[in-house]
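**Student:** Here it is, the structure, as structure tokens.
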Amino acid sequence: MSAELQTQLLHILDKDGSISNTSDLKIEGLDQLDVFSALKSLESKQMVEFASIDKELWVLTAEGTDIVKLGSHEARVFDSVPEGSEGITIADLAAKLGPSAKIGQGKAFQKKWVAKQGDRLVRLVSSITDTTKADLQFIQQNGIHEKNDVLKDLKRRKLCDKTFYFLNLSYLIFYLPISKILSYSVKKGLNFSTVIEKQATDLTSEMIQSGSWKTEKFKEYNFEAAGLPSKGGYLHPLLKVREEFQQIFFDMGFEEMPTYNYVESSFWNFDALFIPQQHPARDLQDTFFIKDPAKATELPDFYKTVQKVHESGGYGSIGYRHKWNYEEAQKLVLRTHTTAVTGFMLHKLAKEFKPFKPLKMFSIDRVFRNESVDATHLAEFHQVEGIIADKDINLASLISFMDTFFGKMGIKNIQFKPTYNPYTEPSMEIFSWHEGFGKWVEIGNSGLFRPELLRSLGVDPGVRVIGFGLSLERPTMIKYGINNIRSLVGHKIDLNMVEKNPICRLEKDSSSRAFEHIFIED
Ligand code: PHE
């Protein structure tokens, strides 16, 4: 439609040189809104230049509107006078027409439609044309009349008046439905032709290779076009679930630990946590070691205490009784657990706060393990970790805390199983009953940090620290129904999945069934 109209306009311009007013064009069913978009498009190729025509818009007064409905006063007078010499008395006419009788008579005399015979009015012609009504009707429909003197006369008679519309082009389209009289004057542009060339909208690699870009005609940028709504940012499902965990921690009075450093020395990742240097976790098979730089420049001073505890014990421990190697502790690794940060923070805060101040801290961040990758395991994942440090806390505190913590996620039915961690004693795996699988599944790991570890870090005697950790990926995958971890993280993820997934709400109801939605078996 628009392309056809564009060609039509170009041909008219070719023939006539210019178009003074597009409202004069004899094109069937022409809508000035279509003319406008056709002209806009031709203008963008500099094929035409055009200007809008500002017009006075006329409207009828109440009396004028009445005339369109009932006829002019003079026509009403004429209609009320019956044919023949009998006519009608002036009194009867007044009774029939009211005020119109008086107003209409003069005009009807003037137009020689009727004449006075004694006290009666008689017709002079057999029919009349009510031009006043026709003119007003035209104005009502078109907002304008081509004859200025007609407009002037009707205005003088208070039958119509003008409304001035300033047609500002950038506003224009918003007023078009009201303003029917909008039109344009058009002349040829710089690139005028009757053939519309297709202009390229993109510079392609083919154009560059073939060199055709040199002669190609490109469409001009339209800086006035409204842009697409911006896409904005979206939170990855892992971040949504992280937010829920964060909220639970904040609700329970925890502070977040700074976990930005992925690279740690073996000292912080293992030694300071009382993980022996021969421990299998420190093997190349399990841990990513950094090649360059391969070593931390120096270890914190208290390494000597750590060394002593490892080699010969202390704080009630007999130690591992192996030779502790400084270089081994210097080796840089991608941290295998966020507990490396927990150890660092405990040491820092123990130094800062003398005497000791009770604390609750948590972290949710990335860790790396050199494991074989499958549908549910990647070489990197996120750990949710929390610790509470206080005097007079014990295993019962840990159990009760775990009840509350998991309870806040809707997991009410949990059990504990003793396990072994080099850094905690006692240590407990946390299990929850999974209705779907009909068995207990592991949901976390926890324990009381060993005194030989805490005391080497500088934590005051008598202070106990309970800690626990779980993965962020497992609840997220269940929550969002994702069964392959590679669709959750890495280069294969579908961005639509990220954009469309709803926010996460962990079911915080009281039944242990809620657990079904959160965890699956390893
Ligand atoms: N670091 C442990 C893990 O990797 C989690 C944990 C943290 C356990 C703190 C006990 C205390 O599973």
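The values are calculated or read from the model by the stated rules, or taken from the named source; none is laboratory data. Computed from a predicted structure; not experimentally measured. Here the Cβ is made from the backbone with ideal geometry for all residues, glycine too, and neighbour counts use every protein chain on show. The accessibility values were calculated without ligands, DNA or RNA, using every heavy atom of the protein model including side chains. Shrake-Rupley method; radii C 1.70, N 1.55, O 1.52, S 1.80 Å.
**Student:** Go through region 1-104 and name the trypsin sites (Lys or Arg not before Pro) that are in a DSSP coil and have 15 or fewer other Cβ atoms within 10 Å of their Cβ.
**Tutor:** Details: sites: Lys15, Lys26, Lys40, Lys45, Lys55, Lys69, Arg76, Lys96, Lys102; in loops: Lys26, Lys45, Lys55.
Of the trypsin sites (Lys or Arg not before Pro), the ones in loops of region 1-104 whose Cβ has at most 15 other Cβ atoms within 10 Å are Lys26.
**Student:** Let me ask you something else. Given a Förster distance of 41 Å, report the FRET efficiency between Glu499 and Asp54 from their Cβ-Cβ distance, rounded to the nearest 0.05.
**Tutor:** Result of the calculation: an efficiency of 0.30.
**Student:** Pull out a ≥ b ≥ c, the square roots of the eigenvalues of the alpha-carbon gyration tensor of region 320-415, then state rounded if a/c is under 1.5, prolate if not and a/b is larger than b/c, and oblate in the remaining case.
**Tutor:** Taking the square roots of the gyration eigenvalues as a ≥ b ≥ c, region 320-415 is oblate.
**Student:** Let me ask another. Averaged per residue, what accessible surface does region 376-428 expose to a 1.4 Å probe, in Å²?
**Tutor:** Per residue, region 376-428 has 42 Å² of solvent-accessible surface.
**Student:** While we're looking at this one, here's another question. Ignoring ligands, DNA and RNA, please state the percent of accessible area on the chain from carbon and sulfur, probe 1.4 Å.
**Tutor:** Whole-percent figure for carbon plus sulfur exposure: 53.
**Student:** Going through region 448-507, which GluC sites (Glu not before Pro) have at most 16 other Cβ atoms within 10 Å and a DSSP loop state?
**Tutor:** Glu507
**Student:** Measure out, as a whole number of angstrom, how far apart the alpha-carbon centroids of region 438-464 and region 1-15 sit.
**Tutor:** 83
**Student:** Within 9 Å, Cβ to Cβ, of Lys155, how many net charges do the neighbouring residues add up to if Lys/Arg are +1 and Asp/Glu are -1?
**Tutor:** +3
**Student:** Sticking with the crude label model, points 7 Å out along Cα→Cβ, report the distance from Ser44 to Ser2 in nm, one decimal please.
**Tutor:** 0.7
**Student:** Diagonalise the Cα gyration tensor of the chain and give the resulting equivalent ellipsoid semi-axes, square root of 5 times each eigenvalue, largest first, whole Å. Kindly include the intermediate steps, with their values, before the conclusion.
**Tutor:** On the way: eigenvalues 1739, 218, 75 Å².
Gyration-tensor ellipsoid for the chain: 93, 33, 19 Å.
**Student:** List the DSSP H helices in the chain whose Cα atoms stretch 20 Å or more along the helix axis and whose mean Kyte-Doolittle hydropathy is at least -0.5. Don't jump to the answer; show the numbers that get you there.
**Tutor:** Numbers: long enough: 2-16 (21 Å, -0.31); 237-251 (21 Å, -0.19).
Span-like helices, by this rule, are 2-16, 237-251.
**Student:** Students often forget the sequence filter, so: which aspartates and glutamates lie under 16 Å Cα-Cα from Lys69 once same-chain residues fewer than 8 apart are removed?
**Tutor:** Asp79, Asp130, Asp135
**Student:** Oh, and also: I'd like to check one number: the per residue accessible area of region 188-336, probe 1.4 Å, reported in Å² as a whole number.
**Tutor:** Numbers: 9530 Å² over 149 residues.
With all protein chains present, region 188-336 gives 64 Å² per residue.
**Student:** Of Val68, Gly189, Ser312, which is farthest along the charge dipole of the chain in the positive direction, counting Lys and Arg as +1 and Asp and Glu as -1 at C-beta?
**Tutor:** Val68
**Student:** Expressed in nm to one decimal, what extension gain is obtained for the pair Lys492 and Thr419 from 0.36 nm per residue of sequence separation less their Cα-Cα distance?
**Tutor:** Details: separation 73, 0.36 × 73 = 26.28 nm, distance 3.61 nm.
The span from Lys492 to Thr419 would gain 22.7 nm if fully extended.
**Student:** Give me the distance between the Cα centres of region 57-109 and region 182-203, rounded to whole Å.
**Tutor:** For region 57-109 versus region 182-203, the Cα centre distance is 55 Å.
**Student:** Please work out the ratio of the alpha-carbon Rg of region 401-445 to 2.2 N^0.38 Å and round it to two decimals.
**Tutor:** 1.20
**Student:** If one computes the Cα centroid of region 213-267 and of region 115-164, what distance in Å separates the two points?
**Tutor:** Measuring centre to centre over Cα atoms gives 70 Å.
**Student:** Now for a separate question. With each label point set 7 Å from Cα along the Cα-Cβ vector, what nm distance links Ile399 and Glu256?
**Tutor:** 3.3
**Student:** Tell me the Kirkwood hydrodynamic radius of region 1-136 in angstroms, computed as one over the mean inverse distance between distinct C-alpha pairs.
**Tutor:** With all distinct Cα pairs of region 1-136 included, I get 19.0 Å.
**Student:** If the reach is capped at under 20 angstrom between alpha carbons, list the aspartates and glutamates near Lys217, excluding any in the same chain fewer than eight residues apart.
**Tutor:** In chain and number order, the partners are Glu43, Glu49, Glu197, Asp202, Glu206.
**Student:** Pop a pseudo-label 7 angstrom from the Cα along the beta-carbon direction at both Glu328 and Leu203 and give the gap in nm to one decimal.
**Tutor:** Roughly 6.1 nm, to one decimal.
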